[in-house]
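Scroll down for the structure; my scribbles are underneath it.
The values are calculated or read from the model by the stated rules, or taken from the named source; none is laboratory data. Remember, it's a predicted structure, so these values are computed and weren't measured experimentally. Don't worry about glycine lacking a Cβ; one is built from the backbone with ideal geometry, like all the others, and counts go over all protein chains shown. We work out accessible area using only protein heavy atoms, side chains counted, and drop any ligands, DNA or RNA first. Shrake-Rupley method; radii C 1.70, N 1.55, O 1.52, S 1.80 Å.
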Amino acid sequence: MNDASPALENLLTETRAFPPSPEFAAQANVTADEYDEAVADRLGFWADRARGLLTWQTPFTTVLDDSRAPRYDWFTDGRLNAAYNAVDRHVEAGNGDRVAILWEGEDGSERRITYAELAAEVARAANAIAGLGIQTGDRVAIYLPMIPEAIVAMLACARIGAPHSVVFGGFSADALHSRILDAQARLVITADGGFRRGAASPLKPAVDDALAKGGTDVEHVLVVRRTGGDVAWTEGRDVWWDDVVPHAPAEHEPVWVEAEHPLFILYTSGTTGKPKGIFHTTGGYLTQCAYTHSAVFDLKPETDVYWCTADIGWVTGHSYVAYGPLVNGATQVVYEGTPDSPHKGRWWEIIQKYGVTIFYTAPTAIRTCMKWGEEIPGGFDLSSLRVLGSVGEPINPEAWMWYRRVIGGDRCPVVDTWWQTETGAIMISPLPGVTATKPGSAQVPLPGISARILDDAGEPVGDGQGGYLAITEPWPAMLRGIWGDERRYAETYWSRFPGRYFAGDGAKYDDDGDIWLLGRVDDVMNVSGHRLSTTEIESALVAHPWVAEAAVVGASDETTGQAVVAFVILRGGDEITDLPTGEDGGEAIVQTLRGHVGQVIGPIAKPRSILVVTELPKTRSGKIMRRLLRDVAENRAVGDVTTLADGGVMDLIQQGLAKG
Ligand code: 6R9
C-alpha cells in the first residue's frame with residue numbers, strides 16, 4: 001500500500017472510547033437493531049427507508065436492478081420530484097411556518113426563510129428558468145456564493161428535472177469553462193459577487209471570461225444581485241434574477257421524474273488531469289441523504305437547529321445542506337463567509353445566536369480553530385450543541401479530542417463520517433446513540449452499507465490489518481457514472497477489484513474490527529478536505545511557458561492535512577526571454593507560477609511551495625517517483641532510491657534545497 005503518513009499510523013495506538021450517555025441513547029432516532037434489520041434484508045431495509053422518508057408520486061416496485069452492472073439502478077419504476085420532497089410536502093403537511101433557512105451573511109445581514117416562503121421562491125425560480133428555455137434534461141451550471149438563492153437555484157432545477165452542475169465559486173474561469181463544456185450546460189446561474197473576508201469578491205467576470213472562451217451551448221446567464229458591484233452586461237444573454245424571479249408565478253407543477261433521472265453532476269479531481277463529472281440520480285440519492293442525515297446526526301426536525309459549514313460547491317453542500325436537511329424538514333443555518341470574519345469567534349457566535357444543536361464541519365477547520373486558541377470558543381455559550389460531525393479527511397485524535405472537549409463540552413457525541421462525492425452520502429460513521437466513539441476513527445459501515453478492507457489480491461483482511469477500502473454491495477446514493485464517459489467509470493472504480501467498488505482510500509481494522517481511514521492511495525491529494533489531483537496541477541504548471549517539467553506531491557501539513565508542493569524544472573535556452581533574474585528572481589518566478597495555478601484551477605490549488613530543481617527523480621520506465629519528493633517535501637530522510645534511473649538526482653535536489 002502507498003505510504004500512510006506516520007501521523008496517521010499513530011492513530012492506531014489510540015485506545016480511548018466514548019460510549020453515548022444513557023440519556024442520549026434513550027432518545028436516539030436509531031438503535032443497534034437497524035444493523036440487524038439491514039443484515040437480514042438489505043434491499044428490504046432500503047426499500048423501507050425510501051418509502052418512509054420520501055414522498056413518491058408513483059410508488060416503486062423494483063428495489064435494485066443490477067442487470068447493467070456496474071451501473072446499478074434503484075427504485076426504477078418509481079416517480080418523484082426532489083424539490084417537492086425538499087419543500088412542498090412540508091408545507092402540505094402543515095409545517096409551512098417552520099424556518100427552513102436561517103441565513104447569515106458575512107456582512108451581518110440576516111434572512112429567515114420558512115418552508116412556505118422557500119416553496120414559493122423555488123416555484124418562481126423554476127418558472128423563471130423555464131421561461132429562459134430550460135427544459136427537463138437540460139443542464140444548468142450554478143456558480144454562486146453561499147446565499148439562499150444558491151439552494152433555491154438547485155431546487156428550481158430539480159423541480160423541472162434539469163440536472164444542475166454546481167461549480168465552486170472559488171474555481172477559476174478556466175475551470176468553469178471546462179465544466180460548462182463537459183456538461184453542455186445551457187444556462188449559468190451566478191451572482192455579481194459574494195462577501196468573503198470582509199470584502200466583496202466578484203463572480204460574474206469569471207462567467208464572462210469562461211463564456212468568452214467559446215464553444216459552449218450557454219444561451220443565458222441569470223445573475224443574482226448580492227454585492228451591488230458593477231458588472232459587465234451582454235444584452236440578450238444576461239438576465240437579472242430580480243427582473244424575472246420575483247414576477248414569476250409562485251405556483252409550479254413539479255416534473256415527476258423517474259427515480260433514475262439525473263439530479264446533478266458534480267466535478268471532482270481524479271488521478272488524471274481531467275476532472276470527473278460524477279453524476280447522481282434522484283430516488284436512491286435522496287433516500288440515502290435523508291436516512292443518513294437523520295440517523296447519523298440524530299435529527300429531530302421540530303427542535304434541532306442544524307448547521308453544516310460546507311459550501312454548496314462541494315458534495316457535502318449538496319447532500320447535507322441542500323438535500324438531506326430539507327428533505328427531512330430541518331431548520332438549518334447557512335452562513336456566507338469565512339470563520340474569521342470579522343473576528344475569529346464568528347462561528348461560535350453564530351452557534352450561540354441561533355442555538356445550533358447539530359454542527360458538521362471539517363478537520364482542517366477544527367485544527368485552524370485549535371491554532372487560534374480555545375479561549376475564542378470559550379467566550380461563547382455553546383451549550384445548545386448536542387451532536388458534532390466531521391467530514392472530508394481523516395481527523396487526527398488530537399483534533400477530535402479538542403472538538404469533543406472545547407466545542408462539545410465533553411457532552412456531545414462526535415461522528416466522524418467517511419464518504420465521497422461518488423458515494424453521494426455518508427457510508428462509514430458511528431451512530432451517535434449506539435457507537436462508543438473512538439477519536440480518529442469512522443468505525444463502522446452504516447446499516448445497509450457493506451464495506452470491506454481488501455489486500456492487494458482482493459482478499460478481505462482481518463482485524464489489526466490494513467489494505468484498500470472497497471464497497472462490496474451497491475448502495476442507493478452511489479454515483480451512476482462519469483458524465484459522458486462510461487468506460488472511465490468502469491475502469492476507475494470497478495476494475496481494481498472486479499465486482500466491488502474501489503474507493504481509492506487506504507484503511508485499517510483495529511483489533512475490535514473498527515475502520516480507520518488512512519488517506520488516499522492514488523495521486524489525489526486532500527487539502528483542507530478538498531480533493532486535488534497532482535496531475536491536474538502538474539498540467540497547469542507545464543502549461544506555463546517557463547516550465548519544462550513539473551511534479552506535484554501532497555505533503556503533510558499540520559492545518560490543511562496535506563499541502564501542495566511542486567517541483568519544477570524551468571525551460572532553458574533562448575526562447576524564454578522574460579524569466580526574472582537577479583536576487584529576487586527566484587521569488588518572482590515562484591509567485592508568478594503560484595498565481596498561474598490559481599488562475600488555471602483556482603486559489604485552493606495554489607502550491608504552498610514551489611521548488612525549482614534541475615532534475616526530477618524518475619524510475620527507469622520514466623515514472624516520476626513522487627514518494628521520494630514527498631520525503632523531501634516533508635523533510636524526511638529520503639527513502640529507497642534503488643529504482644531511480646539516476647540515483648544522484650535526489651542528492652542534487654536536496655543540495656539545491658539546502659542552498660535555497
Ligand atoms: C465527503 C467528501 C472524498 C475523499 C475520500 C477520503 C476523504 C472524506 C473522510 C475522509 C477520512 C473521513 N475523506 N471523509 N477520510 N475520514 N471522515 O469529502 O467527498 O470531496 O469527494 O472527498 O475525502 O480520502 O476518498 P470528496
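A few comments on the model shown:
- Given (1) hydrophobic (A, V, I, L, M, F, W, C); (2) within 16 Å of the ligand (Cβ to nearest atom); (3) over 25 Å from D41 (Cα atoms), index of the condition A457 fails: (2)
- Candidates L517, L532, L541: the one that is within 16 Å of the ligand (Cβ to nearest atom), in the same structural domain as M625 (by TED's automatic domain parsing) and buried (at least 20 other Cβ atoms within 10 Å of the Cβ) is L532.
- Meets criteria (among the β-branched types (V, I, T) and over 19 Å from the mean Cα position of the chain (by Cα)) for V356: yes
- Selection count, region 159-189, where residues are open to solvent by 10 Å² or more (accessible area, probe 1.4 Å), within 20 Å of T268 (Cβ to Cβ) and either in contact (Cβ under 8 Å) with a residue 40 or more places away in the chain or charged (D, E, K, R) (or both): 11
Table: residues versus (1) assigned to a strand (DSSP E or B); (2) modelled with pLDDT of 85 or more.
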| residue | (1), (2) |
| --- | --- |
| G499 | no, yes |
| G504 | yes, yes |
| A507 | yes, yes |
| D522 | no, no |
| G572 | no, no |
| I576 | no, no |
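- Filter result for the condition that a residue is closer than 30 Å to G466 by Cα and without any contact (Cβ under 8 Å) to a residue 60 or more places away in the chain, over G529, G554, G513, G481: G513
- Selection within region 342-379 - part of a loop (DSSP other than H, G, I, E, B) and open to solvent by 50 Å² or more (accessible area, probe 1.4 Å): P342, H343, K344, E374, G379
- Filter pass, W46 being assigned by TED's automatic domain parsing to the domain that holds Q443, in contact with a Gly (Cβ under 7 Å, 6 or more places away or on another chain) and within 14 Å of T292 (Cα to Cα): yes
- Among the candidates G214, G236, G229, the residue that is out of contact with any helix residue (DSSP H, G or I) (no Cβ under 8 Å at 6 or more places or on another chain), open to solvent by 10 Å² or more (accessible area, probe 1.4 Å) and at pLDDT below 95 is uniquely G229.
- Yes/no for I395 being within 21 Å of R196 (Cα to Cα), open to solvent by less than 20 Å² (accessible area, probe 1.4 Å), within 15 Å of the ligand (Cβ to nearest atom) and not hydroxyl-bearing (S, T, Y): no
- Note on region 536-581: residues that are over 22 Å from V524 (Cα atoms) and aromatic (F, W, Y) amount to 1.
- Failed condition for P432, given (1) open to solvent by less than 30 Å² (accessible area, probe 1.4 Å); (2) more than 11 Å from the ligand (Cβ to nearest atom); (3) more than 30 Å from T281 (Cβ to Cβ): (3)
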